[in-house]
Amino acid sequence: MSRPHFLITIDTEGDDLWARPKVVTTRNANYLERFQELCEYFALRPTYLTNYEMARCPVFQRFGRGVLERGTAEIGMHLHAWDSPPIVALTRDDRAFQPYLVEYSDRVMRDKIRAVTGTLEDTFGVKMVSHRAGRWGFDERYATMLVEEGYLVDCSVTPLVSWKRTRGDPARGGGPDYTAFPQHAYWLDLADISRPGHSPLLEVPVTVIANDRSLAGRVSRRVRAFAGLRALIPHRLRKVLGHAAPAVHMLYPDGSNRARLLDVLARVVAEGRAYAELVLHSSELMPGGSPLFPDAARIEALYVDLATLFSAARQQFRGATLAEYRAGLTQLQRPLVAS
């Protein structure tokens, strides 16, 4: 039996977008070399899913061209709808609300996808084939437009996780609900992205593991799943429960979850999964670039966690970019017709 793949996906974007800045900076591009060197040391191959402002950043342009020339990483596309061209106002303050791309009209969606894709391809001289939606906001229209533009891989799905309570446009109903989506890679059905189909677009969901090994974890999952039960529990107690026993574990380093990350890897192997997919933001590699890593000390702790995780991954996994993972699938797993 072949070893599973270890996939590293980096949302490559401006500095501390959680703060919803009026002016976006890209200083975090200066901090990517160290991360790339760590990946290469452990023979891992990240995919930098890149948004518009980073595509236009000279520092990232030099970095991206370098990894492409060496063949040590992939550049893909990541789209933040609120500040990617063409700029079309959707709310009274799009930078504050950060609306999802799927909240725009079809025409605006398509124009933005083409504009960001074209910028990346013109900048780096390679076809964009891998993608992640900004703020995880994905639907059937979006998937169809990606296929039209020649994309081959998407990684926007977070199984077991709902973003319904995370608003974009305040007049809309929040983000997608992925709680019932597959936890393995599958060829998307363009009529229903929650199920396998026959399109050429491979969905590679982020690795999310249910926290069902403890009573507290099972209780936390039920509280999150049922609105009526959630309403009976005080908000402060729900927050404490969610922090102490989260309903799910995502393969996402937060500076305090090294043991959980290692447990996720162990469960991927034990359950015979084909891959583990890690999520990180480029700005989380810079001191002060995110709420989780406000200073140099926290960044150093993050790198200890990453080195520990990557060392464990090297023992039982093999590195690949998203495009490489798709290319490695057998012919029998490929779609026969377009849906």
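Any read-out appearing in this document is the output of simple, stated calculations on the displayed coordinates, not a laboratory observation. Just so it is clear, the model here is predicted, and its values are computed rather than measured. We place every Cβ from the backbone using ideal geometry, glycine too, and count neighbours over all the protein chains shown.
Can you give the helix-only mean residue ellipticity at 222 nm for the chain, where every DSSP H stretch with n ≥ 4 adds -39500 (n - 2.57) and the sum goes over all residues, rounded to the nearest 500 deg cm²/dmol?
Only helices count here, giving -11000 deg cm²/dmol.
With unit charges on the beta carbon (Lys/Arg positive, Asp/Glu negative), name the residue among Phe63, Ala73, Gly134 whose Cα is farthest towards the positive pole of the charge dipole of the chain.
Value computed over the given set: Gly134.
Gain in length, Arg70 to Arg56, computed as 0.36 nm per residue apart minus the alpha-carbon separation, to one decimal in nm?
2.9 nm
Magnitude of the Cβ-charge dipole of the stretch 248-290, K/R +1 and D/E -1, about the Cα centre, nearest 20 debye?
Magnitude of the dipole: close to 100 debye.
Report the Rg/Rh value for the chain, based on alpha-carbon coordinates and the Kirkwood definition of Rh.
Here the Rg-to-Rh quotient is 0.94.
Considering the zone a paramagnetic label at Arg20 would reach in this model (a point 7 Å from Cα along the Cα-to-Cβ line), which residues of the stretch 160-193 have amide N under 13 Å from it?
Of the residues in the stretch 160-193, 166-171 have backbone N under 13 Å from the label point off Arg20.
For the stretch 315-327, just list the computed ³J(HN,Hα) in residue order, Karplus coefficients 6.51, -1.76 and 1.60, θ = phi - 60°, integers in Hz, with x standing in for Gly and Pro.
So the J values, rounded to whole Hz, are 6, 10, 10, 10, x, 6, 7, 4, 5, 5, 4, 4, 4.
Along the stretch 71-85, what does the Karplus equation 6.51 cos²θ - 1.76 cosθ + 1.60 (θ = phi - 60°) give for ³J(HN,Hα), rounded to whole Hz, x for Gly and Pro?
Karplus-based 3J(HN,Hα) across the stretch 71-85 equals x, 10, 6, 10, 9, x, 10, 9, 10, 9, 5, 6, 9, 9, x Hz.
Using the count of nearby Cβ atoms within 10 Å as a rough guide to exposure, how do Ser130, Ser194 rank from fewest to most?
If I rank by nearby Cβ atoms, fewest first, I get Ser194, Ser130.
What order do you get for Glu324, Glu103 when you list them from fewest to most C-beta neighbours inside 10 Å? Working shown, then result.
On the way: Glu324 17, Glu103 22.
Going from sparsest to densest Cβ surroundings: Glu324, Glu103.
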